[in-house]
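Worksheet: one structure, shown below.
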Amino acid sequence: MRVRKRKGAEEHLKNNPHYVILNPEVVKGHWHEVFGNDNPIHIEVGSGKGAFITGMALQNPDINYIGIDIQVSVLSYALDKVLDSQAPNVRLLLVDGSDLTNYFADREIDLMYLNFSDPWPKKRHEKRRLTYKTFLDTYRQILPEQGEIHFKTDNRGLFEYSLASFSQYGMILKQVWLDLHASDFEGNVMTEYEEKFSQKGQVIYRVEAQFQ
Ligand code: SAH
């Protein structure tokens, strides 16, 4: 997601330590204390401007959500949405998806979402794709046995690549949607990119992949 640098974005994040966890290394293994309950914790890696994570938090008050992004300005827009929503069950994290084991203990996360991840179409950038095997190693560690990744995209190339990557990793593809919006899938919460691309007539792909 390309956004212009937002003035004051860093201060905005720092001024809201309740929602933006600024010292995630310290919180590793203690996320349930952050939320003040034992509800399951779901994360979105590459949460962008936060429509999905905020919408999910409002729709599912008994689940805790963490939106993760590496861009300060982008995360600051997500913070606006979180503040507007007043959802008590959502937090934000400014970290890289490749480092998640520094911030989450083994099996601390119950489910993870990837939505409209950067496609990195060039073969030489394969290792940057969030569904590349080294990322899957990281995700597997913080998820439970048979933990799941739920992935949506409009990008056919990245979708094909990811199905193969999940499958080569030994994951089960529990369910695949080749046109999510034409399906009977219930409770879909749209992301910013999903709104934008589906308005342009792009189909939305979705997969639920499970570690074995
Ligand atoms: N999920 C949102 C945004 C998709 S754009 C939506 O669907 O609208 C992809 C996002 O992933 C960008 O905001 C980018 O900053 C973030 N991102 C890319 N690589 C990342 C990484 N390694 N770790 C965390 N976030 C990443």
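The values are calculated or read from the model by the stated rules, or taken from the named source; none is laboratory data. Here the structure is a predicted model, which is why all the values come from computation and not from measurement. Cβ atoms come from the backbone with ideal geometry, glycine included; neighbour counts cover every protein chain shown. Heavy atoms of the whole protein, side chains included, go into the accessibility calculation; ligands, DNA and RNA do not. Shrake-Rupley method; radii C 1.70, N 1.55, O 1.52, S 1.80 Å.
For region 121-142, what are the residues that are open to solvent by 70 Å² or more (accessible area, probe 1.4 Å) and under 15 Å from Ile43 (Cα atoms)? Matches in region 121-142: Arg140, Gln141.
Residue-wise test of (1) under 12 Å from the mean Cα position of the chain (by Cα); (2) at pLDDT below 95; (3) not aromatic (Phe, Trp, Tyr).
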| site | (1), (2), (3) |
| --- | --- |
| Asp69 | yes, no, yes |
| Ala78 | no, no, yes |
| Asp84 | no, no, yes |
| Ala105 | no, no, yes |
| Tyr113 | yes, no, no |
| Pro121 | no, no, yes |
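Of the residues that make up region 83-91, is at least one closer than 19 Å to Tyr139 by Cβ and either in contact (Cβ under 8 Å) with a residue 60 or more places away in the chain or small (Gly, Ala, Ser) (or both)? Yes, region 83-91 contains at least one residue that is closer than 19 Å to Tyr139 by Cβ and either in contact (Cβ under 8 Å) with a residue 60 or more places away in the chain or small (Gly, Ala, Ser) (or both).
Being within 16 Å of the ligand (Cβ to nearest atom), part of a helix (DSSP H, G or I) and either open to solvent by less than 40 Å² (accessible area, probe 1.4 Å) or in contact with a Pro (Cβ under 7 Å, 6 or more places away or on another chain) (or both) is the filter here; which residues of region 155-196 pass it? Scanning region 155-196 gives Gly157, Leu158, Phe159, Ser162, Ser165, Leu180, Glu194.
For region 35-49, a residue qualifies if it is touching a Phe, Trp or Tyr at 6+ places or on another chain (Cβ under 8 Å) and free of Cβ contacts under 8 Å to residues at least 60 places away in the same chain, but none of them does. When restricted to residues that are part of a loop (DSSP other than H, G, I, E, B) and either within 16 Å of Ser117 (Cβ to Cβ) or open to solvent by 70 Å² or more (accessible area, probe 1.4 Å) (or both), region 143-154 contains 3.
Looking at region 17-127, the helices (runs of 4 or more DSSP H) lying wholly inside it that each contain 2 or more residues that are under 28 Å from Arg4 (Cα atoms) sit at 51-59, 72-85.
Report yes if Ile109 is within 12 Å of the ligand (Cβ to nearest atom), open to solvent by less than 10 Å² (accessible area, probe 1.4 Å) and β-branched (Val, Ile, Thr), otherwise no. Answer is no for this residue.
Look at Ile204 and say whether it is touching a Gly at 6+ places or on another chain (Cβ under 8 Å), buried (at least 21 other Cβ atoms within 10 Å of the Cβ) and of a type in the set (Val, Ile, Thr). Taking the combined requirement at face value, the residue does not satisfy it. For region 15-40, the set of residues classified as within 14 Å of Leu100 (Cα to Cα) and either of a type in the set (Ser, Thr, Tyr) or surrounded by 15 or more Cβ atoms within 10 Å (Cβ to Cβ) (or both) consists of Ile21, Pro24, Val27, Lys28, Trp31, listed by residue number.
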